[in-house]
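Here the structure is laid out as structure tokens; the discussion comes afterwards.
The values are calculated or read from the model by the stated rules, or taken from the named source; none is laboratory data. Only a predicted model underlies this, so the values are computations on that prediction, with no experimental measurement involved. Cβ atoms come from the backbone with ideal geometry, glycine included; neighbour counts cover every protein chain shown. Note: areas computed on protein heavy atoms with side chains; ligands, DNA, RNA excluded. Shrake-Rupley method; radii C 1.70, N 1.55, O 1.52, S 1.80 Å.
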Amino acid sequence: FVPGGTFSMGITIEEAFAECQKFRNDCVKDQYTIDQYTMEGPPHEVTMSDFWIDQTEVTNAKYRECVMDGVCTPPTSSTSNTRSSYYNSSTYNNYPVIYVSWTQANQYCAWAGRNLPTEAQWEYAARGQSESTYPWGNDAPTCELANFLSNKKDEYCVSGGDTWEVSGHPAGKSWVGAFDLAGNVWEWVYDDFAPYPSFAIGDPLGYGTSGDKVWRGGSWLGFEDEIRSTHRFGIIPSDSASVLGFRCALWAKE
């Protein structure tokens, strides 16, 4: 459960650039822009109503239930980066489903009686009113907190680079108790990828109509600066990947 409240969503291009410089020496300010707007901003006040968000990313086992029910279609691949059998293996029942498109994720959430979280829901569940850099706070990422690729150490948290069990690392939970909002797999959200407004807004359902859909949270293949809670990326909704999954949400007023 995520109690409603008001927070500042997004950060400035200067703040994003500074976060990148903490971990990398190849940072370029232009990489944080969309058509001359800041990718992660401008920061703007958002007031949220109460809502619920899945505690974990949707797992292989849960997604298979929807497939068996005839509503969802199987992932485009049953493998993962280092595992030849992943989606269909009971060993990985409690690992995030991957290789699903935005449409497939949206179908699952509807089948489950929920919806893909909006960007605002996702970021508020990750940062809250404290507006922390990461779900756990402002401490730099470690493999006790998130599943990522360390740029500083040049090593993966999972050998060879891959997903991990969705509820296995409680130290990285957000203020509402949600696991893996940083790293493990990117997560589809409801919104189209577009610049933010510069004005205050309540319960936003999207910021534009670009056609591309937003990913949030970074992945096992993402560097430290890519798993911060404001980082966002957009791609066509038909895409799927070994680094991409999702979770669902539900407005409490529904």
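Give me the percent relative contact order of the chain, please, defined on Cα pairs under 8 angstrom at least 6 residues apart.
Reported relative contact order: 27 percent.
Could you tell me whether segment 71-228 comes out rounded, prolate or oblate from its Cα gyration tensor? Rule is a ≥ b ≥ c as square roots of the eigenvalues, rounded for a/c under 1.5, then prolate if a/b exceeds b/c, otherwise oblate.
Since a/c reaches 1.5 but b/c is at least a/b, the shape of segment 71-228 is classed as oblate.
Which trypsin sites (Lys or Arg not before Pro) from segment 184-254 combine a DSSP loop assignment with at most 12 other Cβ atoms within 10 Å?
Within segment 184-254, the qualifying trypsin sites (Lys or Arg not before Pro) (loop, at most 12 other Cβ atoms within 10 Å) are 253.
Computing the accessible area with a 1.4 Å probe over protein heavy atoms, can you report the carbon and sulfur percentage for the chain?
The value for the chain is 48 percent carbon and sulfur by accessible area.
Measure out, as a whole number of angstrom, how far apart the alpha-carbon centroids of segment 152-170 and segment 128-142 sit.
18
Pairs on different chains or at least eight residues apart, Cα atoms closer than 27 Å: how many lysine pairs in the chain fit?
The result is 14.
Among the chymotrypsin sites (Phe, Trp or Tyr not before Pro) within segment 102-209, which fall in a DSSP loop and have no more than 13 other Cβ atoms within 10 Å of their own Cβ?
Here the chymotrypsin sites (Phe, Trp or Tyr not before Pro) that fit, given the DSSP loop and packing criteria, are 199.
Once you order the gyration tensor axes a ≥ b ≥ c over the Cα atoms, which shape class does segment 72-160 get: rounded for a/c under 1.5, otherwise prolate or oblate by comparing a/b with b/c?
oblate
Could you tell me how far the Cα centroid of segment 1-54 sits from the Cα centroid of segment 173-228, in Å?
Centre-to-centre distance over Cα atoms comes out at 9 Å.
Nearest 5 percent is fine: what portion of the DSSP beta bridges confined to the chain is antiparallel?
Antiparallel: roughly 80 percent of the beta bridges in the chain.
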